[in-house]
1. So Gln37 fits all but one of (1) at positive phi; (2) surrounded by 10 or more Cβ atoms within 10 Å (Cβ to Cβ); (3) of a type outside the set (Gly, Ala, Ser); what number is the exception?
2. When you scan segment 58-87, how many residues do you find that are modelled with pLDDT of 80 or more and part of a loop (DSSP other than H, G, I, E, B)?
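The values are calculated or read from the model by the stated rules, or taken from the named source; none is laboratory data. Everything quoted here is computed from the prediction, not taken from an experiment. Virtual Cβ from ideal backbone geometry, glycine too; neighbours counted across all protein chains shown.
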Amino acid sequence: MTPQEMEEKKKSARDIAVPCFLFSLVLSFIFINMLTQNLLTSIIGATAVGGAIIAIAWTVRANSFVVRKDIAELRKELLEKKENPSG
């Protein structure tokens with residue numbers, strides 16, 4: 001994978017992460033505000049929930065990227081062995 005492709009993947013991950021964070025922030029704020037009726041608690045709780053969701057999403061995406069990279073390297077090695085069985 002070229003560095004340019006890596007940057008495109010990072011950019012696409014950011015494009016997905018920001019709306020997810022904002023959406024979860026708003027929903028968390030509304031839900032926590034309904035439960036606690038306290039504005040400060042709602043803001044802190046919503047930020048924590050939104051941050052946790054983004055951390056989970058980035059971790060899953062990073063792990064899937066690593067697995068895909070490993071699979072691509074294994075596939076490449078197998079093709080090389082298939083083309084040159086004596087080496």
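1. Unmet condition: (2).
2. So the answer is 1.
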